[in-house]
Structures are given as structure tokens and as C-alpha cells.
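I have placed the structure first, in the form of C-alpha cells, so that the comments after it can refer back to it.
Every read-out reported here was derived from the displayed coordinates using simple, explicitly stated rules and does not represent laboratory data. Just so you know, these numbers come straight off a predicted model, no measurement behind them. With ideal geometry, Cβ positions are generated from the backbone for all residues, glycine too; neighbour counts draw on all protein chains shown.
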Amino acid sequence: MPSPRLRRWLDQLLHTHDTPQRTAAAYALGVLFGFSPLLGLHTLLGIALAFGLNLNRVAVLLGIYSNLPWILPAYYTLATMLGAEGTEDGCLVVDAHQRTTVAGLYAAGDVAKGLDQISHAMGQAGVAATTIRNDLASASLLLR
């Protein structure tokens, strides 16, 4: 168990105790940097802006690394280990709302069946985000 001093320092550093809206904004900021052509600077720029805007640093990092190509094999492996159904060509099977065959697991882009184009992946991500929001709202009230 970390000491109270270490715990306070980690809480201040990571800034993980935030509202859902600010956490979503932090994740979106990370995704923005993940899609940027500034290779090698993703992490540095994302963390710098997260500190500047006092956003959740973990959410920013997750957003940055959620769409980098060298992370996809790990995602696919984890998803299939959880029981997600795959196709013969190495994609995850998804429904019209980007849900995989595992409850609560969604897929978009290169790991999901569909066109291998950035514009299509962005559309799939929008559908997945909307579905996640709607699924969460059906489970409990989401405040605006």
C-alpha cells in the first residue's frame, strides 16, 4: 500500500479524479494527437497540453495510444482472448453499432470488418462512441 504522501503525489500527477465530461475531453485530446502526423511527439504534446489544461493524463495517454498501428495486434489478441469472434481475414466481427460478440467491447477501424480507409474508420469510431454513450445511458442516467 503506497504511503499517503505518494498517493497524493500520484493523484496530483495523473489527475484521474475528474468529471466524465472532462475525462472524455482528455481522451478526445489524446485521439486528436494520435491521429496527428507529428510522429514521435504524440506523447510529449499530449501530456504537455493535459498539464496545461489540467486534464486527466491517463485518459490523454489512452486516447493517444488507442489508434497507433503498432498497438493493434495487442488489441486484437486481447479481444479474442476475451472471446470476441474473428473473421478469416483477421478482423473482429461487429454489428451495425460496432459491438463485438463480447458484451461491452466495441471495435472500429483496422481491427473491425470493413473498408480499410481512414474516413471509414472515423465513421466507425463515431458510431461506436454514440453506441457506447447510448448503452451507458440505458444502464444509468447520464447527466449533461
Given Cβ point charges of +1 (Lys, Arg) and -1 (Asp, Glu) and nothing else, what value in debye, to the nearest 20, does the dipole of the stretch 69-144 about its Cα centre take? 400 debye
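Could you list ASP116, ASP110, ASP89 in order of exposure, starting from the residue whose Cβ has the fewest other Cβ atoms within 10 Å?
Working: ASP116 9, ASP110 18, ASP89 6.
The order, fewest Cβ neighbours first, is ASP89, ASP116, ASP110.
Taking neighbour Cβ counts within 10 Å as the exposure measure, how do LEU10, LEU39, LEU55 sort from fewest upward? List each step's numbers first, then the result.
On the way: LEU10 12, LEU39 7, LEU55 23.
Exposure proxy ranking, most exposed first: LEU39, LEU10, LEU55.
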Once amide hydrogens are built 1.01 Å from N within the peptide plane, the residues lying 5 or more places from TYR106 or on another chain with amide H under 5 Å from its amide H are THR100
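When all alpha-carbon pairs of the chain are counted, what percent fall beyond 18 Å? It would help to have the intermediate numbers written out before the result.
Working: 6511 of 10296 pairs.
Considering the chain, 63 percent of its Cα-Cα pairs are separated by more than 18 Å.
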Taking Cα atoms only, helix 118-139 is inclined relative to the longest principal axis of the chain by an angle, in degrees rounded to 10, of 70 degrees
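Taking the Cα centre of the chain as origin, sum charge times position over the Cβ atoms of Lys and Arg (+1) and Asp and Glu (-1), and report the length of that vector in debye to the nearest 20. Don't skip to the answer; put the middle values down first.
Working: 9 positive and 9 negative charges, 163 e Å.
Here the chain has a charge dipole of around 780 debye.
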From the residues SER66, PHE51, LEU82, which one has its Cα farthest along the dipole of the chain in the positive direction, the dipole being from +1 and -1 charges on Cβ of Lys/Arg and Asp/Glu about the Cα centre? PHE51
Output wanted: per-residue J couplings in Hz (rounded whole) for the stretch 64-70, from phi through Karplus 6.51 cos²θ - 1.76 cosθ + 1.60, θ = phi - 60°, x for Gly and Pro. 4, 8, 6, 10, 8, x, 6
Which trypsin sites (Lys or Arg not before Pro) in the stretch 1-67 sit in a loop by DSSP (not H, G, I, E or B) and have at most 16 other Cβ atoms within 10 Å of their own Cβ? none
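Determine the shape class of the stretch 1-67: with a ≥ b ≥ c the square roots of the Cα gyration tensor eigenvalues, call it rounded for a/c under 1.5, and otherwise prolate if a/b is greater than b/c, oblate otherwise. Mind dumping the intermediate values first?
Working: a/c = 2.47, a/b = 1.83, b/c = 1.35.
Taking the square roots of the gyration eigenvalues as a ≥ b ≥ c, the stretch 1-67 is prolate.
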What shape does the stretch 66-144 have by the C-alpha gyration tensor, where a ≥ b ≥ c are the square roots of the eigenvalues, rounded means a/c under 1.5, and otherwise prolate means a/b greater than b/c and oblate the rest? prolate
Output ³J(HN,Hα) for the stretch 35-40: one whole-Hz value per residue in order, computed from phi by the Karplus curve 6.51 cos²θ - 1.76 cosθ + 1.60 with θ = phi - 60°, and x for Gly and Pro. 8, 6, x, 7, 4, x
Distant-in-sequence amide H partners of GLY86 (H built 1.01 Å from N, under 5 Å): VAL93
For ALA112, what residues show an amide H to amide H distance below 5 Å, using hydrogens built from the backbone and excluding near sequence neighbours? LEU92
Residue-wise HN-Hα coupling along the stretch 80-93, computed from phi with Karplus coefficients 6.51, -1.76, 1.60 (Hz; x: Gly, Pro): 6, 5, 6, x, 5, 7, x, 9, 5, 8, x, 9, 8, 6
